[in-house]
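Every read-out reported here was derived from the displayed coordinates using simple, explicitly stated rules and does not represent laboratory data. Remember, predicted model here, so these are calculated numbers, not experimental data. So basically every Cβ, Gly included, is an ideal-geometry build from the backbone, and we count neighbours across all protein chains shown.
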Amino acid sequence: MTKEKISLVIPCYNEEDVLPYFYQAFCKEAEELPDYDLEAVFVNDGSADRTLELIKEYAEKDERIKFISFSRNFGKEAAIYAGFEKSDGDYVAVMDADLQDPPELLPQMLHAIKEEGYDSAATRRVTRKGEPPIRSFFARCFYKLMNRISTTEIMDGARDYRLMTRQFKEAIMQMKEYNRFSKGIFGWVGFQTKWIEFENVERKAGETKWSFWKLLKYSIEGIIGFSVAPLAIASVLGITVCIAAFIFLVIILIRTLCFGDPVAGWPSMTCIILMMGGIQLFCMGILGMYLSKTYLEAKDRPIYICKETNIE
């Protein structure tokens with residue numbers, strides 16, 4: 001009887017310190033799931049350290065290890081897409097190499113799909129222990145904001161770590177946009193998802209590649225990709241400023257006709273002009289961000305470029 005296959009997609013960027021621990025965890029999990037064939041699809045996202053060298057060493061001695069190596073760093077979203085594109089398992093999971101996504105949750109995730117009838121099993125952190133407080137604060141604000149301004153539900157504390165059926169994966173592959181935000185894409189395609197909660201796990205080794213600035217840019221990608229609320233806000237601001245300007249014009253005309261003194265009040269007028277100019281620039285910036293994403297999509301550039309792989 002042919003065993004069902006589980007493909008694990010692991011994006012890697014400068015992960016040489018943690019890869020030995022991950023490989024050990026992968027082998028252990030494979031032993032605990034003897035009824036399935038496990039394969040690990042490592043995606044080397046332009047690493048500058050020995051990440052690719054280590055992956056190749058594992059691939060030489062273990063046929064379950066597959067890899068894709070990019071020509072440069074294209075980002076985690078591109079790595080996830082490439083892993084999905086090259087994986088052929090009956091079930092596909094995406095997880096980080098730093099072991100912050102516990103491999104021991106896989107049996108529980110499989111049970112949710114096979115026995116409970118879900119299309120995917122996703123994970124979310126219920127605590128952020130060990131994470132900088134300011135990062136936790138802004139992360140919670142982001143999830144609250146997204147769920148208010150977007151029709152696509154994004155669970156607070158959601159990780160990219162999830163197991164899905166092949167049908168779920170194929171639905172994701174139909175979304176070929178260049179600007180990708182997986183948390184939103186997972187929610188947009190629909191299907192039934194079971195959420196599995198776990199406490200935050202710190203990295204096994206190495207350092208995170210996600211700085212506060214990178215996370216901020218990533219959150220902006222999500223907002224622009226799955227909500228048009230910023231455009232609506234810009235429109236409302238424009239209308240509000242026009243109304244305010246009309247009211248101020250009426251006040252100035254009445255005061256001039258009744259009291260004269262046209263020179264007085266220039267500091268307040270300067271402040272109003274500066275405020276209106278700032279609002280205009282803010283709205284233009286919002287429009288520019290949406291336009292820039294449209295420009296990138298219109299170029300139709302490949303999401304990634306593969307330099308080498310052992311996947312036929």
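Points worth noting:
- Gained length - SER71 relative to THR294, 0.36 nm times residue gap less alpha-carbon distance: 77.8 nm
- Set of region 274-306 residues, backbone N closer than 18 Å to the point 7 Å along the Cα-Cβ line of PHE248: 274-284
- Ascending count of other beta-carbon atoms within 10 Å, so fewest first, for GLU197, GLU16: GLU197, GLU16
- Computed from backbone phi with θ = phi - 60° and the Karplus coefficients 6.51, -1.76 and 1.60, the 3J(HN,Hα) list for region 169-176 is 5, 5, 5, 5, 5, 6, 8, 9 Hz; x is used for glycine and proline.
- Theoretical gain in end-to-end length, ALA59 to GLU177 [0.36 nm per residue, Cα-Cα removed]: 39.4 nm
- Net charge, THR2 excluded, C-beta distance under 13 Å - Lys, Arg +1, Asp, Glu -1: -2
- Couplings 3J(HN,Hα) of region 18-28, computed from phi: 9, 4, x, 5, 5, 4, 4, 5, 5, 5, 5 Hz, in residue order, whole Hz [Karplus 6.51 cos²θ - 1.76 cosθ + 1.60, θ = phi - 60°; x for Gly and Pro].
- Likely footprinting exposure, LEU19, LEU281, LEU231, fewest C-beta neighbours within 10 Å first: LEU281, LEU231, LEU19
- Amide proton proximity set for PHE67, modelled H, under 5 Å, gap of 5+: PHE42, ASN310, ILE311
- Amide H within-cut-off set for GLU15, under 5 Å, with H built and near neighbours excluded: THR51
- Under 5 Å, built H, 5+ apart or other chain: amide partners of ILE196: ALA122, THR123, ARG124
- Among 294-306, 92-104, 184-196, the order from most to least packed when residues are scored by Cβ within 10 Å on average: 92-104, 184-196, 294-306
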